[in-house]
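The values are calculated or read from the model by the stated rules, or taken from the named source; none is laboratory data. Because the structure is a prediction, the values reported are computed rather than measured. Quick reminder, even Gly has a Cβ in these numbers, built from the backbone with ideal geometry, and neighbours come from all protein chains shown.
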Amino acid sequence: MTVRSQAPVSRPIPIHEVAWQEFGPGLRLKPLWDDPQTQRRAYMGRIDAGTRLPLHRHLGDELVFVIEGEVSDESGTVTAGQASYRPKGCVHTVSTERGTTVLIVVTGGMEAAESMNGAPRSLPVDVSRLDWVEAGPGVRQKLIWADRAAQRSMRLLRLEPGTEIPPHRHLGDALVFGLEGDSADETGVTLPGYLGYRPDGYVHSVRTENGATLVYYAWGTTEPEVSGG
């Protein structure tokens with residue numbers, strides 16, 4: 001008898017149900033998702049007004065999307081709706097005058113640093129200046145950041161009311177954060193403040209009744225799913 005492996009299943013994560021954890025003076029995090037094998041993690045972060053995090057070095061890269069407030073480093077200030085990419089080896093401080101709430105996807109850890117010494121700088125991205133591009137019927141996107149060789153990306157997606165995306169398979173993990181509206185698949189609804197995890201190999205369709213705006217992180221691509229008949 002042939003035993004078939006269980007198909008990967010999506011996991012909705014209601015962020016409001018995750019407790020804040022103290023990670024240092026003025027810094028709180030909600031751990032949302034992690035993959036220990038690859039050291040990839042996702043957090044909701046809150047930095048209190050007037051906080052300054054000391055100089056540190058990223059041992060992997062980090063993508064930050066600002067939900068509320070503003071956050072600054074040596075490369076500039078990033079405000080709500082904007083993003084920042086911190087490459088591996090980036091050395092910087094982090095500060096906020098009025099406080100901020102951010103969504104963070106990070107690979108690897110961090111360590112204290114004594115100087116920048118020509119290290120890579122962070123890359124602020126003003127998402128409002130990016131063009132919307134048609135990505136399919138009823139779907140538009142803004143490509144915020146991509147490593148095409150590694151098939152990694154961070155995008156802002158807009159699904160128009162009534163949009164239905166046909167069944168497709170994820171060829172790599174993906175994380176979807178709801179900003180506005182609602183989108184649903186076979187395992188549930190992604191609402192504002194929810195994070196959806198789409199594992200490698202997951203097959204699903206997506207639909208929205210009222211439209212939705214989403215932040216989408218992907219390691220890999222997708223392909224149409226053809227039924228076996």
task = Within region 24-54, track down each residue that is surrounded by 15 or more Cβ atoms within 10 Å (Cβ to Cβ) and of a type in the set (A, V, I, L, M, F, W, C).
result = L27, L29, L32, W33, A42, M44, I47, L53
message = Would you confirm, using the coordinates I've provided, whether G181 is surrounded by fewer than 20 Cβ atoms within 10 Å (Cβ to Cβ) and touching a helix residue (DSSP H, G or I) at 6+ places or on another chain (Cβ under 9 Å)?
response = no
task = Please find, within region 21-70, the residue that is modelled with the highest pLDDT out of those that are farther than 12 Å from V102 by Cβ and of a type in the set (V, I, T).
result = T51
task = Among the candidates R28, R86, single out the residue that is farther than 21 Å from T213 by Cα, without any contact (Cβ under 8 Å) to a residue 60 or more places away in the chain and touching a Phe, Trp or Tyr at 6+ places or on another chain (Cβ under 6 Å).
result = R28
remark   = Among strands (runs of 3 or more DSSP E) completely within region 49-95, the ones holding 1 or more residues that are more than 21 Å from the chain's Cα centre (by Cα) and of a type in the set (D, E, K, R) are 52-58
query = Residues in region 5-15: is at least one on the phi > 0 side of the Ramachandran plot and touching a Leu at 6+ places or on another chain (Cβ under 9 Å)?
reply = no
query = Among the residues of region 190-215, which ones are among the β-branched types (V, I, T) and outside any loop (DSSP other than H, G, I, E, B)?
reply = T190, V203, V206, T213, V215
note = Per the filter on region 75-129, residues charged (D, E, K, R), within 18 Å of S153 (Cα to Cα) and in contact with a strand residue (DSSP E or B) (Cβ under 8 Å, 6 or more places away or on another chain) are R86, K88
